[in-house]
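Comments concern the structure below.
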Amino acid sequence: MALTDTVMKMVTRQKKDGTEVPATDKEKMIKSKAGLIINVFAALLAFNMWLQGSLNSKVLNNTIQANDLWVFYQAKSIKQTQYELAASQATDPAKSKKFADKALTYDQGAEGKPELYKQAKALEEARDHYKRQLPWVGYASTAYQLSIVLLSASILSVSMALFWGSFVLAGAGIVLMTQGILLWMPL
């Protein structure tokens, strides 16, 4: 019970005799603004977390789709090789031509090997782009979380340094998030 009384006195700024200590201008300013600012920082964090989840989903989906295309490509390559071998080993010229023509069809059309190769490579490039974005968005989440912690601590300690420090961290979070979205800084 003594611990909770001590904490309550610190938070409500009471004297030992129970009367409330008049709030300073600094304290009034911090307490009046901090609640709204925490909500803004929390909204930035929520958007950033949504963005991070979206990027993670895109990485996973593109990886799966690219793997599916590579498996399909590999299956077509195996079948093509089998038909080419059959064409080279056939004793009947008509069968040899039929097998050779069938082997050529695996390189043609919308689902031919060259087209599958291009699609899989495009998916891998998009996946790699999302992978480059992800760390920056993760760093931004950390900055937003720390800015909320600093702002909360500034309320309890009535510290302007912590109050303004939370803005610096939130600003860093915004910079990191925009780097994650735009990749404007080549690294």
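Bear in mind that the values in this text are calculations on the coordinates, not laboratory data. Worth saying up front: this structure is predicted, and the values here are computed from it rather than measured. Every residue, glycine as well, gets a Cβ built from its backbone with ideal geometry; the counts of neighbours run over all protein chains shown.
The C-alpha atoms of the chain define a longest principal axis, and helix 2-12 lies at about 90 degrees to it.
Let's test the formula: R0 of 25 Å, r as the Cβ-Cβ distance of V175 and K31. What FRET efficiency results, to the nearest 0.05? Don't jump to the answer; show the numbers that get you there.
Details: r = 28 Å, r/R0 = 1.13.
That gives a FRET efficiency of 0.35.
With respect to the chain, whose longest principal axis is taken over its alpha-carbon atoms, helix 113-157 is tilted by about 10°.
Using the Cα atoms of the stretch 30-187 to build a convex hull, what is its mean projected area in square nanometres?
Dividing the Cα hull surface by four gives the mean projection, 11.9 nm².
Note on the chain: helix-only mean residue ellipticity at 222 nm, from DSSP H runs of 4+ residues weighted -39500 (n - 2.57) and normalised by residue number, equals -30500 deg cm²/dmol.
If you take the beta carbon distance between A75 and E115 as r and set R0 to 25 Å, what does 1/(1 + (r/R0)^6) give as a FRET efficiency, to the nearest 0.05?
Numbers: r = 15 Å, r/R0 = 0.58.
About 0.95, to the nearest 0.05.
Using the alpha-carbon centroid of each, what span in Å lies between the stretch 22-83 and the stretch 126-162? One Cα centre to the other: 15 Å. Once the Cα atoms are used to define both axes, helix 93-105 deviates from the longest principal axis of the chain by about 20 degrees.
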